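Scroll down for the structure; my scribbles are underneath it.
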Amino acid sequence: GAVVSQHPSRVICKSGTSVKIECRSLDFQATTMFWYRQFPKQSLMLMATSNEGSKATYEQGVEKDKFLINHASLTLSTLTVTSAHPEDSSFYICSGQVQETQYFGPGTRLLVL
Amino acid sequence: GENVEQHPSTLSVQEGDSAVIKCTYSDSASNYFPWYKQELGKGPQLIIDIRSNVGEKKDQRIAVTLNKTAKHFSLHITETQPEDSAVYFCAARFQGAQKLVFGQGTRLTINP
């Protein structure tokens, strides 16, 4: 149980375009979802906390207008990287929380050319 | 502020030996401590967790110990196997917070 999926698993886009990443909890309802980014050989960096039906809470230094998060239902959250630039290239991972445990998705590798 | 320190950053052990990874946290009111295993190119996978009202928890070859007084917790892997090779992250949830604060990670290599 407690499976989280992400789509797409890998995306390549041109600089200036927007990219949407979906995060779904497949067998549980997640009132809270989290979005992280991870650079090579580094730890997980929390970007934002998303509660279903309310606005996301962004961590300090994360631009909310650039990284748009929508948590429209108890099983779906989306992250949209707007006007992507090469420095946005990274591994993006979501997690869904049930009770106090976070279960992670498989990640989405974004490459901006 | 909220901080989790993890050591060592890399660890290499012979197959069959034990591996120990240690973490310390800054907030004495922290109440939840999970451990995650991350294989290359994949998302982290929860392997074991412990709550502040428990001192030790075991699951087959994996165990976690918590010392609340010293504010540290450790992951113990016994009878290591090649498939245990991965990056391991500890984390802590500070009281009143939803988010987890992660350690820097330990790259564990099991040598055949």
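The values are calculated or read from the model by the stated rules, or taken from the named source; none is laboratory data. Just so you know, these numbers come straight off a predicted model, no measurement behind them. Positions of Cβ are backbone-derived with ideal geometry, glycine not excepted, and every protein chain shown enters the neighbour counts. For the accessible areas, the whole protein counts, side chains as well, though only heavy atoms, and no ligand, DNA or RNA atoms are used. Shrake-Rupley method; radii C 1.70, N 1.55, O 1.52, S 1.80 Å.
Worth a mention:
- As a ratio to 2.2 N^0.38 Å, the alpha-carbon radius of gyration for the stretch B:36-112 is 1.15.
- Rounded to whole Hz, the Karplus (6.51, -1.76, 1.60) HN-Hα couplings of the stretch A:73-80, x for glycine and proline: 9, 6, 10, 9, 9, 10, 10, 10
- Gaussian network model of chain B, Cα within-10 Å springs - most flexible of B:D49, B:D27, B:D59: B:D59
- Heavy-atom accessible surface of the stretch A:6-113, averaged per residue, reaches 50 Å², computed with a 1.4 Å probe.
- Put simply, chains B and A cover up around 1600 Å² of each other's accessible surface, both sides summed, when a 1.4 Å probe is used.
- Each residue, A:K20 and B:E56, gets one label point 7 Å from its Cα in the Cβ direction; the gap between the two is 5.2 nm.
- Lys pairs under 20 Å by Cα in the protein assembly as shown, provided they are eight or more residues apart or on distinct chains: 26
- Residues whose amide H comes within less than 5 Å of that of B:S30, counting only those at least five positions distant or on another chain, are B:Q95 (H built at 1.01 Å from N in the peptide plane).
- Residues in the stretch B:29-53 occluded by at least 50 Å² - accessible area, probe radius 1.4 Å, against chain by itself: B:P44
- The alpha carbons of the protein assembly as shown occupy a box of 50, 40, 34 Å along the principal axes, longest dimension given first.
- Surface share of carbon and sulfur [accessible, 1.4 angstrom probe, percent] for the protein assembly as shown: 48 percent
- Delta accessible area of at least 10 Å² on complex formation, residues of the stretch B:65-90, 1.4 Å probe, chain isolated as reference: B:F89
- For the stretch A:1-75 versus the stretch B:15-35, the gap between their alpha-carbon centres in whole angstrom: 26 Å
- Two-decimal log10 I(q)/I(0) for chain A, as the Debye equation yields it once each C-alpha is a single scatterer, q = 0.18 Å⁻¹: -0.83
- Those Cys residues of chain A for which no other cysteine Cβ falls under 4.7 Å: A:C13
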